[in-house]
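Asker: To start, I am sharing the structure in question, which I have written as structure tokens.
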Amino acid sequence: MLYLIGLGIGGCRGMSLEALEILKSCEIVYIERFTNYINNSEIEKFIQIVDPEKNKKISIVKRWFVEDAKQILSQSQNSIVALVTYGDPLMATTINELRNRANNHMINTKIIHGSSGIFSFIGESGLHNYKFGRTTTIMSDPQSAISVYSTIYENLKVGNHTLILTEYNNNDEKDFSFLNPRIAISLLKEVEKDLKYGIISDETFVIIGSRIGQNSQKIQSGKISSLDKCNFGDGPHSIIIPGPLHFTEIDVVTSIHLNLDKPSDNSKLFQHIAVRMINKYLPKAKDAIKTMKSFLEKDSSTIDSSNIINHGMVDVLENAEYYLIDSERFLNQNKYELALLSIGYAEGLIDSLRFQKNINPWFS
């Protein structure tokens, strides 16, 4: 039998009675702290509560031990084994994989859920949980910031908040670290310099949670420029980049936690990529039509035999103009994909005439 037990975010004091009862019945207990840190004092308290007579085999294990899982699975076939993890066990992909492997080996498993730092921070922040989009994790590797930046953009496009988890490194009990929110934001600023979507700047409003569930818990909010002066202390840390805020969300953000600036709508700080493309290509298509019409008028005035052909080409250009009118209508309706598609159709008609007349209206 294999139990996957979550301690929750409050350490031993947050452990459920069911978890405690099961742990006292287990023969072998493993504690992992690579998904999140459980300090030595909490582990000592845990051992005192679960095994005061020191009859059990309680071990702290590394990531490779859980990922390999051979010993855990082998022992679970004949003994009652528990793997204890911070927060909720199924928040970690490694634990999910272990559960699946146990199932494939016909080993009975049971999940004892614990409070999750992810959902606890969302609740503590005061933001509505149904307005959160995709969650992402930022690492100290600058390349990871590109994916995080894209996730923020995609969430803001549809008016959603973004929860960013920060990197936690645990090589051994004396070598662990949490990525400082200040560094995480600086990495996103570097991506902003390259992509220039306008979503990360000193004016961006963010919420930063540190050590959620612990006695030293702290939640701070404000513009990036203001939070840059704050001391966030030890981790774990998480960052929220809000989208549009409901007035009830604003009430909590400004009245319950440390708030340095009036909350703002981050979705208004940037322009949708599609809108930028439409604003760039729509005027060019209009100018190309004017240029082509002007050429056809001059050509018709000098070559009588081409009047019929040119008249048909004018009709084609009028159709292209209708597509551009459609594009503007779709833009006003926030149907950006249709707006771009309409411009593409118009450009196709313009290019068909360009090839026939051997003139380039795009650069004339």
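The values are calculated or read from the model by the stated rules, or taken from the named source; none is laboratory data. Treat the numbers as computed from the prediction; the structure is a model and nothing was measured. Here the Cβ is made from the backbone with ideal geometry for all residues, glycine too, and neighbour counts use every protein chain on show.
Asker: Among the listed residues 51, 88, identify the single one that is within 22 Å of residue 7 (Cα to Cα) and in contact with a Lys or Arg (Cβ under 9 Å, 6 or more places away or on another chain).
Answerer: The match here is 51.
Asker: Moving to a separate point now. Condition check: touching a residue at least 60 places away in the same chain (Cβ under 8 Å) and crowded, with 19+ Cβ neighbours inside 10 Å. Does residue 76 satisfy that?
Answerer: Taking the combined requirement at face value, the residue satisfies it.
Asker: Of all residues in the stretch 265-297, how many are of a type in the set (S, T, N, Q), in contact (Cβ under 8 Å) with a residue 12 or more places away in the chain and surrounded by fewer than 16 Cβ atoms within 10 Å (Cβ to Cβ)?
Answerer: Residues meeting the conditions: 1.
Asker: Condition (residue is in a loop (DSSP other than H, G, I, E, B) and among the hydrophobic types (A, V, I, L, M, F, W, C)) applied to the stretch 203-212: is it met by at least one residue?
Answerer: yes
Asker: Further question on the same structure: Tally the residues that are modelled with pLDDT under 85 and either within 17 Å of residue 286 (Cβ to Cβ) or of a type in the set (S, T, N, Q) (or both), restricting the search to the stretch 333-348.
Answerer: 2
Asker: For the stretch 116-198, which strands (runs of 3 or more DSSP E) that fit wholly inside it have 1 or more residues that are modelled with pLDDT of 90 or more?
Answerer: It comes to 136-138, 162-166.
Asker: Do you know which of the residues in the stretch 264-277 that are outside any helix (DSSP H, G or I) and out of contact with any Pro (no Cβ under 7 Å at 6 or more places or on another chain) is modelled with the lowest pLDDT?
Answerer: Looking at the filtered set, the residue picked out is 271.
Asker: Another question, then. Hey, could you check the stretch 10-22 for residues that are aliphatic (A, V, I, L, M) and modelled with pLDDT of 85 or more and say which is surrounded by the fewest Cβ atoms within 10 Å (Cβ to Cβ)?
Answerer: Among residues in the stretch 10-22 that are aliphatic (A, V, I, L, M) and modelled with pLDDT of 85 or more, the one surrounded by the fewest Cβ atoms within 10 Å (Cβ to Cβ) is 17.
Asker: How about the stretch 68-106: which of its residues are more than 18 Å from residue 23 (Cα to Cα) and either outside the structural domain of residue 13 (by TED's automatic domain parsing) or β-branched (Val, Ile, Thr) (or both)?
Answerer: Within the stretch 68-106, 93, 94 meet the criteria.
Asker: Out of the residues in the stretch 213-239 that are over 29 Å from residue 6 (Cα atoms) and outside any strand (DSSP E or B), state the one that is modelled with the lowest pLDDT.
Answerer: Of everything passing the filter in the stretch 213-239, 229 is modelled with the lowest pLDDT.
Residue by residue, here is whether (1) in a helix (DSSP H, G or I); (2) more than 17 Å from residue 110 (Cα to Cα); (3) aliphatic (A, V, I, L, M); (4) outside the structural domain of residue 166 (by TED's automatic domain parsing) holds:
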residue: 18; (1), (2), (3), (4): yes, no, no, yes
residue: 29; (1), (2), (3), (4): no, no, yes, yes
residue: 46; (1), (2), (3), (4): yes, yes, no, yes
residue: 52; (1), (2), (3), (4): no, yes, no, yes
residue: 55; (1), (2), (3), (4): no, yes, no, yes
residue: 58; (1), (2), (3), (4): no, yes, yes, yes
residue: 66; (1), (2), (3), (4): yes, no, yes, yes
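Asker: Still on this model: Residue by residue through the stretch 23-43, note down the ones that are modelled with pLDDT of 85 or more and among the polar types (S, T, N, Q).
Answerer: Within the stretch 23-43, 25 is the sole residue that qualifies.
Asker: Just a yes or no: is a residue in the stretch 248-265 in contact with a Phe, Trp or Tyr (Cβ under 6 Å, 6 or more places away or on another chain) and more than 30 Å from residue 359 (Cα to Cα)?
Answerer: Among the residues of the stretch 248-265, at least one is in contact with a Phe, Trp or Tyr (Cβ under 6 Å, 6 or more places away or on another chain) and more than 30 Å from residue 359 (Cα to Cα), which makes the answer yes.
Asker: Would you check if residue 145 is surrounded by 13 or more Cβ atoms within 10 Å (Cβ to Cβ), among the aliphatic types (A, V, I, L, M) and either closer than 27 Å to residue 11 by Cα or touching a residue at least 60 places away in the same chain (Cβ under 8 Å) (or both)?
Answerer: It is false that residue 145 is surrounded by 13 or more Cβ atoms within 10 Å (Cβ to Cβ), among the aliphatic types (A, V, I, L, M) and either closer than 27 Å to residue 11 by Cα or touching a residue at least 60 places away in the same chain (Cβ under 8 Å) (or both).
Asker: Another one. Could you list, in sequence order, the residues of the stretch 73-102 that are part of a helix (DSSP H, G or I), out of contact with any helix residue (DSSP H, G or I) (no Cβ under 7 Å at 6 or more places or on another chain) and closer than 27 Å to residue 119 by Cβ?
Answerer: 93, 97, 99, 100
Asker: State whether one or more residues within the stretch 228-241 are on the phi > 0 side of the Ramachandran plot and surrounded by fewer than 18 Cβ atoms within 10 Å (Cβ to Cβ).
Answerer: Looking through the stretch 228-241, at least one residue is on the phi > 0 side of the Ramachandran plot and surrounded by fewer than 18 Cβ atoms within 10 Å (Cβ to Cβ).
Asker: Additional query: Looking only at residues that are surrounded by fewer than 16 Cβ atoms within 10 Å (Cβ to Cβ) and either aromatic (Phe, Trp, Tyr) or touching a strand residue (DSSP E or B) at 6+ places or on another chain (Cβ under 8 Å) (or both) in the stretch 95-108, which one is nearest to residue 161 (Cα to Cα)?
Answerer: Once the filter is applied, the top-ranked residue is 103.
Asker: Here's a follow-up. Being closer than 22 Å to residue 267 by Cβ, surrounded by 20 or more Cβ atoms within 10 Å (Cβ to Cβ) and either of a type in the set (Phe, Trp, Tyr) or free of Cβ contacts under 8 Å to residues at least 60 places away in the same chain (or both) is the filter here; which residues of the stretch 205-220 pass it?
Answerer: 205, 206, 208
Asker: Any residue in the stretch 189-204 that is on the phi > 0 side of the Ramachandran plot sitting within a Cβ distance under 6 Å of a residue that is in a loop (DSSP other than H, G, I, E, B) and buried (at least 18 other Cβ atoms within 10 Å of the Cβ)? List the pairs, counting only those 6 or more apart or interchain.
Answerer: Listed pairs, sorted by first residue: 198/270.
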